[in-house]
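Trainee: Structure below; questions to follow.
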Amino acid sequence: MKRFAVLGLGAVAVMVLAVHVAFAQTAADPTAAADAYVNAPHNWQMWFPASGSPMMDKIDWLMKYVLWWMTAVVVFVGALMAYVMFRFSAGRNKVPSHVTHNTLIEVIWIVIPTLILAVIIIPSLNLIWYEGDDSNPYMTVTVTGHQWYWEYNYQSVAGLDYTSYMIPDDKLQPGDIRRLSVDHPLVLPIGEKIKFDITSGDVLHGFYLPSLGVQKYAIPGTIVTSWTLIPKAGTYYGQCNQICGLNHDAMPIEIKAVPMADYLAWIKVAQANYTDNTVPTAPISSPPAANQFADAAAH
Ligand SMILES: [Cu+2]
């Protein structure tokens with residue numbers, strides 16, 4: 001009997017410990033939900049990355065739509081040229097025609113391309129307007145490019161302004177992605193419109209999020225806006241795509257998109273941990289030169 005009691009107590013203790021560990025983990029990392037889906041480039045990838053936003057859905061659609069029109073035009077013009085080269089070659093067409101005008105055919109070759117341009121320009125303009133409509137966002141983040149890291153300032157959360165550095169190769173942890181993972185990712189709630197005020201603290205940078213369809217210059221002294229809406233919890237990556245100096249390749253963008261409750265929980269953690277992180281005294285990245293030469297030596 002005594003033995004059973006001891007076993008029972010032991011089982012309860014194990015359960016309590018398990019629950020405690022589970023809660024401790026959730027409490028420690030409110031962005032854990034973003035680990036379930038990782039939208040990152042992979043080897044031999046073709047086409048665009050998997051879409052992570054309605055804007056990217058529309059870009060993807062327009063690209064394929066225009067590609068079909070282009071294919072039709074290339075096939076038609078190619079076939080016409082092949083026919084003309086065969087049928088009217090010097091050997092087969094000894095006495096060339098002197099006809100230089102044909103009103104009907106000239107009207108056709110102006111009207112048809114005009115119609116093709118019209119059916120392309122209408123969805124193109126719609127997409128441009130859609131992309132430019134950053135009205136009524138749930139929140140706005142000021143994104144500042146620096147040589148060579150990003151700074152995220154949450155306008156709706158007083159004091160929440162932190163820097164985001166790439167994790168150097170020698171500090172990668174299991175689960176990190178080389179050259180894409182960062183120390184402090186940009187955390188956003190899913191299903192809400194997020195506006196970006198994009199600027200730079202020094203030179204031109206590029207705020208480029210391929211899977212979300214966002215690509216804007218970060219220009220010193222001015223603010224360029226964009227926006228996104230991420231329906232699915234996950235981790236999304238981007239990179240600076242404007243040559244901005246020695247460590248241009250070392251300023252990736254990592255976004256953790258999590259449910260609203262997790263986002264609100266993360267804000268509390270971030271406010272406690274990220275205070276006064278604007279000017280890092282000891283950035284996690286290796287010094288530029290060492291980082292760069294380490295890379296060169298690895299090849
Ligand atoms: Cu840059």
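Okay, residues lined up against (1) among the small types (Gly, Ala, Ser); (2) at pLDDT 95 or above; (3) more than 30 Å from Ile243 (Cα to Cα); (4) within 16 Å of the ligand (Cβ to nearest atom):
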| site | (1), (2), (3), (4) |
| --- | --- |
| Ala90 | yes, no, yes, no |
| Trp109 | no, no, yes, no |
| Ile116 | no, yes, yes, no |
| Pro123 | no, yes, yes, no |
| Thr144 | no, yes, no, yes |
| Trp148 | no, no, no, yes |
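Trainee: Could you tell me which residue of region 218-263 is farthest from the ligand (Cβ to nearest atom), considering only residues that are aliphatic (A, V, I, L, M), in a helix (DSSP H, G or I) and in contact (Cβ under 8 Å) with a residue 60 or more places away in the chain?
Mentor: Met260
Trainee: A further question follows. Answer yes if at least one residue in region 226-238 is aromatic (Phe, Trp, Tyr), open to solvent by less than 30 Å² (accessible area, probe 1.4 Å) and closer than 24 Å to Trp129 by Cα, and no otherwise.
Mentor: Taking every residue of region 226-238 in turn, at least one turns out to be aromatic (Phe, Trp, Tyr), open to solvent by less than 30 Å² (accessible area, probe 1.4 Å) and closer than 24 Å to Trp129 by Cα.
Trainee: Tell me the residue from Leu246, Leu204, Leu186 that is of a type in the set (A, V, I, L, M) and under 13 Å from the mean Cα position of the chain (by Cα), please.
Mentor: Answer to the selection: Leu186.
Trainee: Checking Asp202 against (1) in contact with a Lys or Arg (Cβ under 9 Å, 6 or more places away or on another chain); (2) within 12 Å of Trp150 (Cα to Cα), which test does it fail?
Mentor: (1) is the only condition that Asp202 fails.
Trainee: Checking the conditions here, which among Lys216, Lys195 is within 16 Å of the chain's Cα centre (by Cα), closer than 26 Å to Ala261 by Cβ and of a type in the set (Lys, Arg)?
Mentor: Step by step, each of Lys216, Lys195 is checked, and only Lys195 is within 16 Å of the chain's Cα centre (by Cα), closer than 26 Å to Ala261 by Cβ and of a type in the set (Lys, Arg).
Trainee: Any residue at all in region 167-179 that's more than 16 Å from the ligand (Cβ to nearest atom) and closer than 22 Å to Gln155 by Cα?
Mentor: no
Trainee: Determine the pairs where a residue that is over 18 Å from Ile59 (Cα atoms), located within region 110-139, has a partner that is of a type in the set (Val, Ile, Thr) with Cβ atoms under 8 Å apart, the partner being 6 or more residues away or on another chain.
Mentor: Ile116/Val73; Pro137/Ile194; Tyr138/Ile194; Met139/Ile194
The values are calculated or read from the model by the stated rules, or taken from the named source; none is laboratory data. Fair warning: this is a prediction, and the values are worked out from it, not measured in the lab. Note that we place each Cβ from the backbone using ideal geometry, even for glycine, and neighbour counts take in every protein chain shown. Accessible surface is based on the protein model in full, side chains and every heavy atom, while ligands, DNA and RNA are left aside. Shrake-Rupley method; radii C 1.70, N 1.55, O 1.52, S 1.80 Å.
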